[in-house]
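**Q** One structure follows; several queries about it will come next.
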Number of protein chains: 2
Amino acid sequence: MTLLLGVDNGGTRVKLLLARDAGGRLEHVRTADAPTPRGIGAMDELAAITRGFLGDDRADAFGITVAGIFDEASGAVVTSANMRWLEGLAPARELSDRLGIPGVVVQDGVATAIAEAVLGAGRGADDVFVLALGTGIAGAHVVDGAVRKGAHGGAGEIGHIATGRGEKCTCGQSGCLESLLGGTRLGARWDRARGVHAQSTAVDVVHGAERGDESARAVLDEATSALANGLLSVMAMIDPGVIVIGGGLSNSPEWIIDPAVDKARRQATFHAIPPIVRAELGSWAGAWGAVLAAEQRVGDALRLEHT
Amino acid sequence: MTLLLGVDNGGTRVKLLLARDAGGRLEHVRTADAPTPRGIGAMDELAAITRGFLGDDRADAFGITVAGIFDEASGAVVTSANMRWLEGLAPARELSDRLGIPGVVVQDGVATAIAEAVLGAGRGADDVFVLALGTGIAGAHVVDGAVRKGAHGGAGEIGHIATGRGEKCTCGQSGCLESLLGGTRLGARWDRARGVHAQSTAVDVVHGAERGDESARAVLDEATSALANGLLSVMAMIDPGVIVIGGGLSNSPEWIIDPAVDKARRQATFHAIPPIVRAELGSWAGAWGAVLAAEQRVGDALRLEHT
């Protein structure tokens, strides 16, 4: 029996997940949610948390997510906006040295997308586009369990297709999907529409719309149209077998997501409309993706031993 | 020595190309340009043209392009807007029966894209996005010599990314790249701007701009901005190693293409900017793509014999 450990090392919590490979099927063993260690000695603290979680079980391999960009060859973190203390460290090697088991690092968005595609809402399909609607808008095209990264690791940026019109985006372009649909932008747009300085969140806008606030509804309507266009663009450019929509906004699908899917279906002309489904793994997607990365690591090691 | 025949069966001309596989490198042997047969007996006439072209040489396999959609399993043409007489026929099988050599059918846009990626401007790169700027705007992502077709064969439609603004497109959406950049639309937009009914072509608009016509220049400027946005969107979504630009508009690159590439470079923010180069094979790209399809057919047959 192969035991696999997923460590989702987020900005505020560490999610730990132990899974068992039961004849090609991954089964959940147990999970834990812990604060994220910071600063000097963070890797020691992370190793202690992980050791406590494992107890007497010995994992065969682990995967650890990183919220940022890492160097493929060395596994060292290049930039992590929310976890600066990680920069320059190779988290998989550090944790591997301390736990005495092999590990692999995986980018958190990649982990989430692969998990949803393989184990979550996309399971059974071999060609899945995963959209994450959060503070930013992320996309990942997962084919046969692997993310298509492009020639420089930048593919899938559906949030930043260039239209050259409309609002200035944080990326510097104008009219990006994210400038109308990104969580932070929804709040800012509502505040601007009302002429207040409230630093509203996307959840505030949804609550406003639920209370019948017209300006909140207008902001959500524009976001709905933007998402409908994004879905149509994914169909035109990628033509996936399934589209999975996750992220914070998917918790209130009656605003934005459900009407956007309806709108995209109505506006589609030449497009092949695939099933468009909501993500299923919620906040545990990253940990499951880390488990999948660990599973791959074990498989690769076995292959190496046999050559 | 393997001899491979490419038949590019276009709407007005048949292009024939005989190539030799010289140790993994394709060498051009000879070419011919003939009128396209039509109507009843077209396949007989096409076979006669091809036989005359081959003379005493015996090709080991051929590829034939089809301008339209064909059924993958049977090779039968489903729709061909410009060659209705082909519909219901399986052109590779028909020609194979008459010539006595194995053949394979390939969609003309796919053939052109693969040829440019493998033998033309993209050679040496394994991840190439090919844009064809003609009457319509076509795109194809070629990875390791194969087009990524998507789950329903529709991927790469960069001409129809949805912005939901601007001009109505022939596809039924609004604000598509093609509605500002497609060859037919350029002429129509110029005629409308001048208030004339002239059925101008894209070449007419370019000539107008060269003569200093302000309205022609304005139409080309809008197309330039649209293409710059298209290039940025390809970088964001696909992140290719090389972008190749071909099609009729690439014959006058000083209008639209060169300024659009400059503009995209200036507007790029987070994007990895790949080399952006002009197509090299011109009107023979389709025939070369058919040769590549034939080569694959021979390779597949050899593999089958050895299993």
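Read-outs throughout are calculated quantities, based only on the coordinates presented, and are distinct from any laboratory measurement. Since this is a predicted model, take the numbers as computed values, not measurements. Cβ atoms come from the backbone with ideal geometry, glycine included; neighbour counts cover every protein chain shown.
**Q** Using a Gaussian network model of chain A whose springs link C-alpha atoms within less than 10 Å, name the residue from A:ALA193, A:ALA146, A:ALA228 with the highest mean-square fluctuation.
**A** In this elastic network of chain A, the residue with the biggest mean-square fluctuation among A:ALA193, A:ALA146, A:ALA228 is A:ALA193.
**Q** If one takes the longest principal axis of the Cα atoms in chain B, at what angle in degrees, from 0 to 90 and to the nearest 10, does the Cα axis of helix B:108-118 lie?
**A** The answer is roughly 90 degrees.
**Q** Magnitude of the Cβ-charge dipole of the protein assembly as shown, K/R +1 and D/E -1, about the Cα centre, nearest 20 debye?
**A** Here the size comes out at about 880 debye.
**Q** What residues have an amide H closer than 5 Å to that of A:GLU167, excluding those fewer than 5 places away on the same chain, when H is modeled at 1.01 Å from N in the peptide plane?
**A** When sequence neighbours closer than 5 places are left aside, the close amide H contacts are A:GLY175.
**Q** Just B:ARG165, B:ARG51, B:ARG297 to compare: in a GNM of chain B, with alpha carbon springs under 10 Å, which one fluctuates most?
**A** It is B:ARG165.
**Q** Between the range A:57-88 and the range B:238-307, what is the C-alpha centre distance in whole Å?
**A** Value for the Cα centre distance between the two parts: 36 Å.
**Q** Turning to a different aspect of this structure: Placing +1 on the Cβ of each Lys and Arg and -1 on the Cβ of each Asp and Glu in the protein assembly as shown, which of B:LEU26, A:SER96, B:VAL147 has its Cα farthest towards the positive end of the resulting dipole?
**A** B:VAL147
**Q** Largest first and in whole Å, what are the equivalent-ellipsoid semi-axes of chain B based on the Cα gyration tensor, each being the root of 5 times an eigenvalue?
**A** Taking √(5λ) for each Cα gyration eigenvalue gives 35, 22, 17 Å.
**Q** Using only the alpha-carbon atoms, how far is helix B:285-305 inclined from the longest principal axis of chain B? Give it as 0 to 90 degrees, nearest 10.
**A** Its long axis makes an angle of about 40 degrees.
**Q** Also, I was wondering about something else. When you look at the Cβ of every residue in B:220-232, what mean number of other chain Cβ atoms sits within 10 Å?
**A** For this peptide, the per-residue mean of nearby foreign Cβ atoms is 2.
**Q** Angle between the Cα long axis of helix B:214-237 and the longest principal axis of chain B, 0 to 90 degrees, nearest 10?
**A** 60
**Q** Defining the label point at 7 Å along Cα→Cβ, can you sort the distances from B:SER283 to the same site in each other copy, shortest first, in nm?
**A** For B:SER283, the other copies' label points sit at 6.4 nm, shortest first.
**Q** Check which residues have an amide H placed less than 5 Å from A:PHE70's amide H, if you skip close sequence neighbours.
**A** Close amide H contacts, sequence-distant or interchain: A:VAL78.
**Q** Sorted from shortest, what are the nm distances separating the label point of A:THR269 from equivalent points in the other copies, each placed 7 Å from Cα along Cα to C-beta?
**A** Relative to the other copies, A:THR269 has label-point distances of 2.9 nm.
**Q** Rounded to the nearest 0.05, what FRET efficiency do A:ASP204 and A:GLU72 have when you use their Cβ-Cβ distance and R0 = 45 Å?
**A** Rounded to the nearest 0.05, the efficiency is 0.70.
**Q** Name the residues whose placed amide hydrogens come within less than 5 Å of the amide hydrogen of B:GLY139, ignoring near sequence neighbours (fewer than 5 apart) on the same chain.
**A** Close amide H contacts, sequence-distant or interchain: B:ALA132, B:ILE158, B:GLY159.
**Q** Sorted from shortest, what are the nm distances separating the label point of A:GLY145 from equivalent points in the other copies, each placed 7 Å from Cα along Cα to C-beta?
**A** Output for A:GLY145: 2.7 nm, nearest copy listed first.
**Q** Next up: Applying the Karplus parametrisation 6.51 cos²θ - 1.76 cosθ + 1.60 with θ = phi - 60° to the phi angles of the range B:47-59, what ³J(HN,Hα) value in whole Hz is obtained for each residue in order, glycine and proline being reported as x?
**A** 5, 5, 4, 5, 4, x, 5, 6, x, 7, 6, 10, 6
**Q** May I pose another question? Too long at a 27 Å Cα-Cα cut-off: which of A:LYS149/B:LYS149; A:LYS15/A:LYS168; B:LYS15/B:LYS263; B:LYS149/B:LYS263; A:LYS15/A:LYS149?
**A** Listed pairs above 27 Å: A:LYS15/A:LYS168; B:LYS15/B:LYS263; B:LYS149/B:LYS263.
**Q** What is the diffusion coefficient of the range A:121-279 in µm²/s, taking the Kirkwood radius over Cα pairs and the Stokes-Einstein relation at 20 °C with a viscosity of 1.002 mPa s?
**A** It diffuses with D of about 135 µm²/s by this estimate.
**Q** Quick check of the Kirkwood formula: for the protein assembly as shown, what is the inverse mean of 1/r over all pairs of different Cα atoms, in Å?
**A** Roughly 26.6 Å, rounded to one decimal.
**Q** Next question, about the same structure. Please arrange B:PHE129, B:PHE270, B:PHE53, B:PHE70 by counting, for each residue, the other beta carbons lying within 10 Å of its beta carbon, fewest first.
**A** Ascending Cβ contact count within 10 Å gives the list B:PHE270, B:PHE53, B:PHE70, B:PHE129.
**Q** Now, a different point. Connecting C-alpha atoms closer than 10 Å in a GNM of chain B, tell me which of B:ALA294, B:ALA151, B:ALA132 has the biggest fluctuation.
**A** Result for chain B, Cα springs under 10 Å: B:ALA151 fluctuates most.
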